[in-house]
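First the structure, in the form of structure tokens, and then the observations on it.
The numbers here are math on the coordinates, done by the rules we state, and not lab data. All values reported here derive from a predicted model rather than from experimental measurement. Using ideal geometry, Cβ is built from the backbone for each residue, glycine included, and neighbour counts are taken over all protein chains shown.
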Amino acid sequence: MKETALTKVHEELGAKMAPFAGYSMPIQYKGLKHEHEVVRTSVGVFDVSHMGEFFVRGPQAEALVQKISSNDASKLTVGKAQYSCMPNEDGGIVDDLIIYKTKEDEFLLVVNASNIEKDWNWIQSHNDVNAELEDASDKWSLLAIQGPKAAKAMQSLTQTDLENIKFYTFEIGDFAGCPNVIISATGYTGSGGFEIYIPNESAEKVWDAVLEAGEDFGIEPIGLGARDTLRLEMGYCLYGNDIDDTTSPLEAGLGWITKFTKDFVNSTELKKQKEEGIRKKLVAFELVDKGIPRKDYPIYNENNEEVGRVTSGTMSPSLNKAIGLGYVPVEMKEEGTELFVGVRKKMLKAKVVKLPFYKG
């Protein structure tokens with residue numbers, strides 16, 4: 001089991017630890033519902049150092065990024081970030097990722113922990129333009145400081161004006177006495193905040209400084225359990241659940257990051273799929289009957305025919321409703337469509353709703 005630079009710190013704090021993507025990670029500290037509420041109302045800090053970081057450098061850096069990713073990285077200027085995905089040759093998704101333009105000839109790709117080796121091999125296999133690649137995943141720690149009070153709570157740690165970093169942009173500056181930190185206005189919670197990229201050797205010092213600076217704002221360490229409920233309330237896809245090697249970005253509602261203004265891996269087939277229409281679609285639903293939907297529970301239509309599967313589901317702490325995502329035939333995608341979820345041999349009524357579940 002791999003550890004992050006902060007694993008021992010989490011253990012000392014009494015976190016409930018569990019294996020996640022090959023790492024020993026904190027799942028919760030004081031309880032999922034409490035931690036979820038902390039992020040929605042004030043500020044929390046997550047250790048997400050298990051994520052992967054790849055640098056792509058050199059005169060051909062953009063050419064390689066454009067080839068492997070579905071979004072249009074040519075639109076990025078230094079200091080901007082972009083959500084994207086890497087399509088495979090079969091119409092599915094290798095991974096979803098965030099692309100940062102750190103210099104004119106350098107990009108940082110942030111990928112999912114469970115896919116680091118797969119993604120690295122995939123990118124290398126398509127590097128016929130001789131871009132310089134570096135896998136820096138084992139050198140970097142990543143803290144997600146999330147919540148509506150994040151900017152005010154962290155301002156004492158940096159000269160960078162946190163309030164003025166716009167969503168999906170970043171600055172590189174000092175943070176908690178650590179130089180050249182990427183301070184990014186990104187996150188996976190829907191409650192605002194920052195993601196802070198720091199070298200492993202500075203991780204514990206920065207973690208302590210973050211908790212101290214945020215003390216007056218009610219900051220608490222938050223586990224990956226609440227990260228999952230927070231992202232699901234926003235309808236953000238989780239790789240391995242809502243998207244994978246078999247789901248197309250168009251089926252997953254990621255047409256907005258699939259730009260046919262350029263060529264990329266499998267772009268011809270995906271464009272054809274867009275023109276001809278998709279057969280299934282990832283939809284959001286909430287249960288009308290009492291129960292909780294979970295991954296892989298069957299979805300039925302009104303004729304009791306199994307038509308799909310739940311990909312993510314939970315009891316929403318913010319809404320106190322059972323919510324979920326799942327793939328259904330495209331004709332069932334409209335808001336208000338009635339469907340049924342098989343929960344412990346019962347057929348529970350649900351309805352399709354618009355995202356996000358949580359409106360803030």
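The slack in the chain from residue 351 to residue 103, taken as 0.36 nm per residue of separation less the alpha-carbon distance, amounts to 84.7 nm. The distance from the alpha carbon centre of the range 78-96 to that of the range 1-55 is 25 Å, rounded to a whole number. Residues considered: 288, 310, 206. Largest GNM mean-square fluctuation over the chain, using C-alpha springs under 10 Å, is found at 288. Relative contact order, whole percent, for the chain stands at 18, derived from Cα pairs under 8 Å and 6 or more residues apart. Take every DSSP beta bridge whose two residues both sit in the chain; close to 95 percent of them are antiparallel. When a/c is below 1.5 the answer is rounded, else prolate if a/b is larger than b/c, else oblate, so apply that to the range 279-360 with a ≥ b ≥ c taken from the square roots of the Cα gyration tensor eigenvalues. Oblate is the answer for the range 279-360, as a/c is 1.5 or above yet b/c matches or exceeds a/b. Cross-linked pairs 281/354; 16/149; 103/149; 272/333; 80/281: Cα-Cα separations exceed 23 Å for 16/149; 103/149; 80/281. The label point for residue 274 and the one for residue 163, both projected 7 Å from the Cα toward the Cβ, are 4.0 nm apart.
Order these peptides, 213-220, 127-134, 232-239, by their mean beta-carbon neighbour count within 10 angstrom, highest first.
232-239, 213-220, 127-134
Taking amide H positions as modeled 1.01 Å from N, with prolines and chain starts lacking one, the residues under 5 Å from residue 94 and 5 or more places away or on another chain are 86, 88. In this Cβ point-charge picture (+1 for Lys and Arg, -1 for Asp and Glu), the chain has a dipole of about 1340 debye about its Cα centre. Based on DSSP H segments of at least four residues, each scored -39500 (n - 2.57), the chain has a per-residue ellipticity at 222 nm of -5500 deg cm²/dmol.
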